[in-house]
Amino acid sequence: MTACVRGAVLKMIKRTTLVDSRTSVTDVKFAPKHMGLMLTTCSADGVVRIYEAPDVMNLSQWSLQHEISCKLSCSCISWNPSSSRTHSPMIAVGSDDNVNVGGKVQIYEYNENTRKYGKAETLATVTDPVHDIAFAPNLGRSFHVLAVATKDVRIFKLLPLRKELSSSSGPTKFEIQTVAQFENHNSQVWRVSWNITSTLLASSGDDGCVRLWKANYMDNWKCTGILKGDGSPVNGTSNQIFNSPLGSANQTIQNSLNGASAGRYFFPPLDPPRAGSRWSSYAQLLPPPTLIEQTCDADSVNSQLPHPRRRYTTQPENEWV
Amino acid sequence: MPSSNDGWSFSATAQVQRHRSTSTECGYIMCFNNSATAGTKMEKMARVTTSLGSNTISGCTMFCHLDAPANAISVCRDAAQVVVAGRNIFKIYALEEEQFVEKLNLRVGRKPSLNFSCADVMWHQMDENLLATAATNGAVVTWNLGKPSRNKQDQLFTEHKRTVNKVCFHPTEVHMLLSGSQDGYMKCFDLRRKESVSTFSGQSESVRDVQFSIRDYFTFAASFENGNVQLWDIRRPDRYERMFTAHNGPVFCCDWHPEDRGWLATGGRDKMVKVWDITTNRAKEIHCVQTIASVARVKWRPERKYHLATCSMMVDHNIYVWDVRRPFIPFATFEEHKDVTTGIVWRHLHDPGFLLSGSKDSTLYQHKFKDASRPVDKANPEGLCFGLFGDLAFAAKESLISGGGDSNRKPYGSGGDRRYPIFFFKKPDLTEQFAHESSALSVFETDLESSRMDWFVETARRYLLSGKPFGELCDHNAKVAKELNRPQVSTTWTMLRIMYSDPGNLATATSISKGGSIPLMNSFNMKEIAAGGLGSESRLDRGKGEIRQDTIHLDPGNSLINNNDENEETEGSEGPADYLFGDAELEDDDLYPMEHENPTAEEAEYSLPQEAFPLRHEIVDNPSVPEHLQDKVDSPHVSGNEAEAVCLTPIKSFSLISISQPLYESHLPASFFSPVVREMLQHYAEAGDVQMAVSVLIVLGDRIRKEEHWYTSYIDLLQRFELWNVSNEVIKLSTSSAINCLNQTSTTLHINCSNCKRPMSNKGWICDRCHQCASICAVCHHVVKGLFVWCQGCSHGGHLEHIMNWLKSSSHCPAGCGHLCEYT
């Protein structure tokens, strides 16, 4: 097996096989770096396993540290990446079970006293099968943000409630807010992914589109882009996009308007037909040659695109330019 | 199941040629249940021999309880009966539409002999009365169901010394039977004789499986416990034709492909199923499937070139059907058994729709393929991930991605599926579809600068965090931010400078912000005001006395602020600024209490340790703080809000500050701003810009309390971008011990003695064993405790500096060995 890292081809060598699961392993994630070299798997029989490699120089040794039984067949896990000492290690587990009713997202927290993971919360509002789950990079926040891919995209905020002195041994309680819920995919949502500063959430669904979500300073989440795999426009505003792509005028406007990620986010009211015109993507697919041909055509229309990879960009709306 | 009837009829015709070649068959039984396929196909169908038996197979997933665990099962040629054999069971069941019906118990007699303890059983594929069993005591027994007596035992061969693992009838030669035993021998029997015809010695360990090739009349394969597979010619018992090592550890099973002459599937304890092409000179591994437990049985699926079924010997109770071309996920899974599955067999030679299995849980199952669970349905079909720099990779099935735009591309699976032979021109059965096999990966780059992470790296590299006076650091960083098109951040730096600097420097600060002429847009301003407003309501009474005083003091400033507001409104034709103040409604009355509330409100809301900033501390602080810390006391007698207003209208604000400066010197120390700044940093952090938060913290130094969590987050980010130097600087500059100690880990240095090569004790520089100093500089004769440079010619060396100096003046070795050392 090989992997490519920044142009260098690395040869991957199998160091170990983790054989504890008796059923399909549905997800595997490394724990946040500050916890050491740990690995979590979840499997269809509802067991989450946490392994640790005590010696990072010897990757053939992974000891099974914890086995958490979730009672529901698991489909995805996510570590809370927070490195704060006030946040104990936390895992969110999503289930694709469609037999039982009830919450499909469970949150487990490490308890220092019992040295075990215990269930802290169940997101009762998520009752449909969950396909993917992702904690946002924490970056020094006091609360946690969790994105869930189920039949729609949901974003939750988990605010740790202050521990009472008496119940300090129990799991942390959270106030759970549903920050956003989007059904724009009109289909099952399969993946969610945060960017590294947790300012942008991407989701993909059976409609073949990637949608980008962003919050403004009021914590209102809005769709800021729709990306289609083949670079075709999403909502039928094709001519406009392909004829005026990445225009230099647009570019400069954009630059001058641009703040940091912490800067301003202004979202003009987003009516659906407009959505396609705000984000567009160009260029070609990597694997299938047929598509490369196709996008070569697109390039001839749009000669400004020598770059081999696809770009997505915004076109600022007129009303606030 | 009418639809699959069609399927069989067509597939049956495909078998015609094969069976013509082995024309020893009897019984031309035809099936014409489905009139649709009759007619033109009739002629071909007539030549089909065993293809479909007497009637089409139908049924459902069903099971029956056995009295004892099964070891092996085998099915009759016409697919109507199945024999189950085990240590304590030997029975024949009839397969009916919805149930198993026990037909015959072959374990008769009061004291069943060990010959009945079966390890394996096989039903003859041509003679439906003939069965063979392999007994655990080494006996090979044949059974004739046509016998009139209750005891159907026919022949008994007791030539093997240990358990017989496997018996196998020749597929076309009626009287030929082959056995493989734990004693390492394989024996071929002619059922018309009393003893074996020939014995094959593998010269190897125990034989686990023997299988006649279906299409090579003379060839059989044997698998061994040492991992080898041997191919034998039945006519040459002296030595094997070929041998190859197939697995690590025992090879438990093998199976010839029913259609492809050269393919042999093997399964072993190493949890692998391998498919070998043995037509080439060296057996070539063409497919490999990794399962989760040692493979006990492997059976090719009829009519499906790439499918095979496996069950495992321990741990795993499921039966898997694999498409060998997609080895990472089973095509289908049967999960009914509660204990290890011991025997699997496809019900009919040419029907892929039914699988029979026996298990240690004492059940016999018929699995209908349509009822199998399909793991791929549960697998996530898409992948989506952000890259470090804001690129986005998206993988999904091709049809989804190519989607509407491309009309020439056939959606996958609509006719002409290359996996199935041409006669499957009808709409393929959905249960036979594997999920899409190929995905397309697209990578999106962002043009939006705030989404791309270049600014992060640039900022991290260019920010100055220490080494200069506070004001210069702020100016520099403001400049960096401005050049990177981050006006808000830039302005924040400028403001910080204004807040914490002495008025002398202020001039430059404001001129910078003036030169920038960037319209201020402060989302944090808004937030602050909103929060302050809230606090003021709830806490108004608490600090009333103070507030009253301050209000009086601030009265002049009040009017000034009003001026500012007006200025702001006239100048601020930029939308954002307008928005800010319009929304927050800066009423004078609200303003002052709010500002003063902030410290208390802050403590409560953010649960910060009490180290914060009560006013009276400043009196103590002031004398002790060093030079430029003292300065800050002077400037910020204006409220935080004024300072912000300053930034909104930089030119005016300058005069404002210079006027008000002497008035309130003693009342509003620099720490007064800390809550505001803290809140601002908090805002930055929560909006994902922990870089700003930490950079400000570091630059402010003692002026503000630390937030350890931000440090760790920022350091983590820096390390992900491989900005090691910056990360190290941040660690060094942080005042928190928990962060500082990050640099103290893994700093152990291990030293070996240069004489005896043993590890040195950590006590000193003299080796315990050879009592010599470890590495002595040839020039100064002292121990070298750091870098030791040595000549590769004479192996003398010493301190880098000493050697360098020495070799400048002399080319000879300083140790006096006479070597002409060369220093490059």
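Filtered by the rule that a residue be over 55 Å from the mean Cα position of the chain (by Cα) and part of a strand (DSSP E or B), the stretch B:119-152 gives a lone residue, B:Asn144. Within the stretch B:348-388, the set of residues being part of a strand (DSSP E or B), away from chain A (no Cβ under 14 Å) and at pLDDT below 90 comprises B:His348, B:Asp351, B:Pro352, B:Gly353. Only a single item in (1) assigned to a strand (DSSP E or B); (2) surrounded by fewer than 18 Cβ atoms within 10 Å (Cβ to Cβ) is not met by B:Glu98, and it is number (1). The residue that is surrounded by the most Cβ atoms within 10 Å (Cβ to Cβ), counting only those in the stretch B:668-688 that are at pLDDT 80 or above and within 8 Å of another protein chain (Cβ to nearest Cβ), is B:Tyr684.
Any idea which of B:Gln125, B:Gln182 is surrounded by fewer than 23 Cβ atoms within 10 Å (Cβ to Cβ), closer than 23 Å to B:Val229 by Cα and out of contact with any helix residue (DSSP H, G or I) (no Cβ under 8 Å at 6 or more places or on another chain)? Testing whether each residue is surrounded by fewer than 23 Cβ atoms within 10 Å (Cβ to Cβ), closer than 23 Å to B:Val229 by Cα and out of contact with any helix residue (DSSP H, G or I) (no Cβ under 8 Å at 6 or more places or on another chain) leaves just B:Gln182. Return the residues of the stretch A:204-237 that are surrounded by fewer than 16 Cβ atoms within 10 Å (Cβ to Cβ) and either modelled with pLDDT of 75 or more or within 11 Å of chain B (Cβ to nearest Cβ) (or both); say none if nothing qualifies. Correct list: A:Asn216, A:Met218, A:Asp219, A:Asn220, A:Gly236.
Elements of the type helices (runs of 4 or more DSSP H) sitting completely within the stretch B:674-731 and holding at least 2 residues that are of a type outside the set (Lys, Arg), out of contact with any Phe, Trp or Tyr (no Cβ under 9 Å at 6 or more places or on another chain) and closer than 20 Å to A:Pro137 by Cα: these cover B:708-720.
Provide a single number: the residues in the stretch B:274-295 that are under 25 Å from B:Thr333 (Cα atoms) and either within 14 Å of another protein chain (Cβ to nearest Cβ) or crowded, with 19+ Cβ neighbours inside 10 Å (or both).
Keep residues of the stretch B:274-295 that are under 25 Å from B:Thr333 (Cα atoms), which gives B:274-276, B:285-295.
Then keep just the ones that are either within 14 Å of another protein chain (Cβ to nearest Cβ) or crowded, with 19+ Cβ neighbours inside 10 Å (or both); that gives B:274-276, B:287-295.
So the count comes out to 12.
B:Phe189 satisfies every condition listed in (1) surrounded by fewer than 20 Cβ atoms within 10 Å (Cβ to Cβ); (2) farther than 24 Å from B:Thr342 by Cα except (1).
Go through the stretch A:45-71 and give me each residue that's closer than 22 Å to A:Ala134 by Cβ and either surrounded by fewer than 20 Cβ atoms within 10 Å (Cβ to Cβ) or of a type in the set (D, E, K, R) (or both).
Correct list: A:Gly46, A:Arg49, A:His66.
One line per residue, one yes/no per condition, for (1) at pLDDT 90 or above; (2) surrounded by fewer than 16 Cβ atoms within 10 Å (Cβ to Cβ); (3) not β-branched (Val, Ile, Thr):
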position	(1), (2), (3)
B:Ile73	yes, no, no
B:Ala85	yes, no, yes
B:Val108	no, yes, no
B:Leu114	no, yes, yes
B:Val121	yes, no, no
B:Thr133	yes, no, no
B:Thr142	yes, no, no
B:Pro148	no, yes, yes
B:Asn151	no, yes, yes
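Among B:Val298, B:Val324, which is under 28 Å from B:Ala68 (Cα atoms), crowded, with 20+ Cβ neighbours inside 10 Å and touching a residue at least 40 places away in the same chain (Cβ under 8 Å)? Of the residues listed, the single one that is under 28 Å from B:Ala68 (Cα atoms), crowded, with 20+ Cβ neighbours inside 10 Å and touching a residue at least 40 places away in the same chain (Cβ under 8 Å) is B:Val298. B:Gln155 passes every criterion in (1) under 27 Å from B:Ser198 (Cα atoms); (2) surrounded by 21 or more Cβ atoms within 10 Å (Cβ to Cβ) apart from (2). Counting only residues that are in a loop (DSSP other than H, G, I, E, B) and more than 14 Å from chain B (Cβ to nearest Cβ), the stretch A:56-88 holds 7 of them. Quick one: would you say B:Phe224 is more than 20 Å from B:Ile292 (Cβ to Cβ) and crowded, with 24+ Cβ neighbours inside 10 Å? It is true that B:Phe224 is more than 20 Å from B:Ile292 (Cβ to Cβ) and crowded, with 24+ Cβ neighbours inside 10 Å. Just a yes or no: is a residue in the stretch A:132-149 at pLDDT below 85 and in contact with a Leu (Cβ under 6 Å, 6 or more places away or on another chain)? No, the stretch A:132-149 contains no residue that is at pLDDT below 85 and in contact with a Leu (Cβ under 6 Å, 6 or more places away or on another chain).
Residue under question is B:Ser736, and the condition is that it be touching an Asp or Glu at 6+ places or on another chain (Cβ under 6 Å) and more than 8 Å from chain A (Cβ to nearest Cβ); does it hold? Yes; evaluated as a whole, the condition is true for this residue.
The residue that is surrounded by the most Cβ atoms within 10 Å (Cβ to Cβ), counting only those in the stretch A:181-203 that are facing chain B (nearest Cβ under 9 Å) and part of a loop (DSSP other than H, G, I, E, B), is A:Asn195.
Of everything in the stretch B:365-399 that is touching a helix residue (DSSP H, G or I) at 6+ places or on another chain (Cβ under 8 Å) and under 28 Å from B:Thr459 (Cα atoms), the residue that is surrounded by the fewest Cβ atoms within 10 Å (Cβ to Cβ) is B:Leu388.
The values are calculated or read from the model by the stated rules, or taken from the named source; none is laboratory data. The structure presented is a predicted model; accordingly, all values stated were derived computationally and were not measured. In this analysis, Cβ positions are derived from the backbone assuming ideal geometry, glycine residues included, and neighbour counts consider all displayed protein chains.
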